[in-house]
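Comments concern the structure below.
The values are calculated or read from the model by the stated rules, or taken from the named source; none is laboratory data. None of these values were measured; they are calculated from a predicted model. Heads up, the Cβs are rebuilt from the backbone with ideal geometry, glycines too, and the neighbour counts pull from every protein chain shown.
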Amino acid sequence: MKKIGLFYATKAEKTSWVAEKIQQEFGEDKIEVVPIEQAWENDFAAYDCFIVGASTWFDGELPTYWDELLPELRTMDLNGKKVAVFGLGDQIRYPENFADGIGLLAEVFEGDGATLVGFTSSEGYTFERSKALRGDHWCGLVIDLDNQSEQAKKKIKDWCEQVKKEFK
């Protein structure tokens, strides 16, 4: 299996919960955690594949820890690398920018030449708009722990099985 880096904010409680489940599904010895708060360009260069995650803040923004890294991320050459994006959102309180953070991360990594994998169906969600939407699919795994927490573990498990195949 290719070398996989799992990039997320280790201090963000909900994002960390999802990331820990992803790590368990892949197998802790098959994936390396890289705290985004400490990540640099050379951290991304060390991996063949990335799993990157973030929640969506405020009016559809990326959390500060990703925002601060974006200028550096936008200069990377990620041709030949694969990236799977996961994130969180609240479709009831923020339906007009639900899970936008996932779409924003996907745009940056695709702009750097990475191949996006891990698309999932948007069926079963209620929202108005999202930058994470590509046709009728999300450009990654969308988890709403505020309103659909009972579905989270199954969605994570199914997504991880899909991404494992797409990373090969």
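A compact table of results
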| quantity | calculated |
| --- | --- |
| Residues satisfying the stated conditions in the stretch 80-92, i.e. surrounded by fewer than 20 Cβ atoms within 10 Å (Cβ to Cβ), at pLDDT 95 or above and out of contact with any Phe, Trp or Tyr (no Cβ under 8 Å at 6 or more places or on another chain) | 92 |
| Options 140, 111; residue that is over 25 Å from residue 24 (Cβ atoms) and not charged (D, E, K, R) | 111 |
| Only one of 105, 62 that is farther than 23 Å from residue 165 by Cα and of a type in the set (A, V, I, L, M) | 62 |
| Only one of 41, 32, 25, 72 that is closer than 21 Å to residue 160 by Cβ, in contact (Cβ under 8 Å) with a residue 24 or more places away in the chain and in contact with a helix residue (DSSP H, G or I) (Cβ under 7 Å, 6 or more places away or on another chain) | 25 |
| Residue in the stretch 106-123 that is part of a helix (DSSP H, G or I), over 13 Å from the mean Cα position of the chain (by Cα) and touching a residue at least 40 places away in the same chain (Cβ under 8 Å) present | no |
| Residue 144 being surrounded by 13 or more Cβ atoms within 10 Å (Cβ to Cβ), charged (D, E, K, R), modelled with pLDDT of 95 or more and touching a Gly at 6+ places or on another chain (Cβ under 7 Å) | yes |
| Near pairs, Cβ below 8 angstrom, 6+ apart or cross-chain, from the stretch 147-165 (β-branched (Val, Ile, Thr)) to any residue that is assigned to a helix (DSSP H, G or I) | 156/18; 156/21; 156/22; 156/25 |
| Helices (runs of 4 or more DSSP H) contained entirely in the stretch 11-73, each with at least 3 residues that are at pLDDT 90 or above | 13-26 |
| Residue tally, condition closer than 23 Å to residue 20 by Cα and over 15 Å from the mean Cα position of the chain (by Cα), over the stretch 50-68 | 1 |
